[in-house]
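The structure appears right after this line, and notes come after that.
The values are calculated or read from the model by the stated rules, or taken from the named source; none is laboratory data. The shown structure was predicted, so the numbers you read here are calculated from the model rather than taken from an experiment. Cβ: placed from backbone, ideal geometry, glycine included. Neighbour counts: every protein chain shown.
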Amino acid sequence: MEKISLDELSRKIGKPWSPVDVMFVNDSVIRIAKVEGEFVWHKHDNGDEVFLVFDGEFTIQTKEKNFNLKKGECILVPKGVLHCPKADSLATMLVFELKDTKQYGD
């Protein structure tokens, strides 16, 4: 077992949209990333994704609706749903997903 400081880890992150693995849980991974601007529209065919706002705020865009999230809020994006994270200013997020999930989708 190992204690991990998310605050320390988030300070070590370089450029936005470059996730760092925090820990593995069975077949899943928790990743932390800085986000700013708009990512690419994509989907994941094999697994759901959970986005949690660690610091700041950002939006998960889908074709049906935009979900504005603030610090401490999270959302589950079901597999197969086209989505695009977007942050108007620098924010930090945690992502919970299957460990073999491709960042840019399937």
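Below are the figures for this structure:
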| quantity | calculated |
| --- | --- |
| Number of the exception - Val95 against (1) surrounded by 18 or more Cβ atoms within 10 Å (Cβ to Cβ); (2) of a type in the set (A, V, I, L, M, F, W, C); (3) part of a loop (DSSP other than H, G, I, E, B) | (3) |
| Single residue of Gly37, Gly80, Gly72 found to be of a type in the set (Gly, Ala, Ser) and under 22 Å from Leu98 (Cβ atoms) | Gly80 |
| Qualifying position, being part of a strand (DSSP E or B) and surrounded by 14 or more Cβ atoms within 10 Å (Cβ to Cβ), among Val81, Val35 | Val35 |
| Qualifying residues in segment 61-78 (those that are outside any strand (DSSP E or B) and touching a strand residue (DSSP E or B) at 6+ places or on another chain (Cβ under 9 Å)) - the one farthest from Met23 (Cα to Cα) | Lys63 |
| Lone qualifier among Phe39, Phe67 - being modelled with pLDDT of 95 or more, over 13 Å from the mean Cα position of the chain (by Cα) and farther than 26 Å from Glu2 by Cβ | Phe67 |
| Answer from Ile4, Ile32 - the residue that is touching a helix residue (DSSP H, G or I) at 6+ places or on another chain (Cβ under 9 Å), β-branched (Val, Ile, Thr) and modelled with pLDDT of 95 or more | Ile32 |
| Qualifying position, being of a type in the set (A, V, I, L, M), touching a residue at least 24 places away in the same chain (Cβ under 8 Å) and within 18 Å of Ser18 (Cα to Cα), among Leu82, Leu52 | Leu52 |
| Output for segment 76-106, where each listed residue is at pLDDT 95 or above and over 25 Å from Arg11 (Cβ atoms) | Leu76, Val77, Pro78, Lys79, Gly80, Val81, Leu82, His83, Cys84, Leu98 |
| Test: residue in segment 56-76 that is surrounded by 18 or more Cβ atoms within 10 Å (Cβ to Cβ), touching a residue at least 60 places away in the same chain (Cβ under 8 Å) and not hydroxyl-bearing (Ser, Thr, Tyr) | no |
| Any chance Val20 is of a type in the set (Val, Ile, Thr) and out of contact with any helix residue (DSSP H, G or I) (no Cβ under 8 Å at 6 or more places or on another chain) | no |
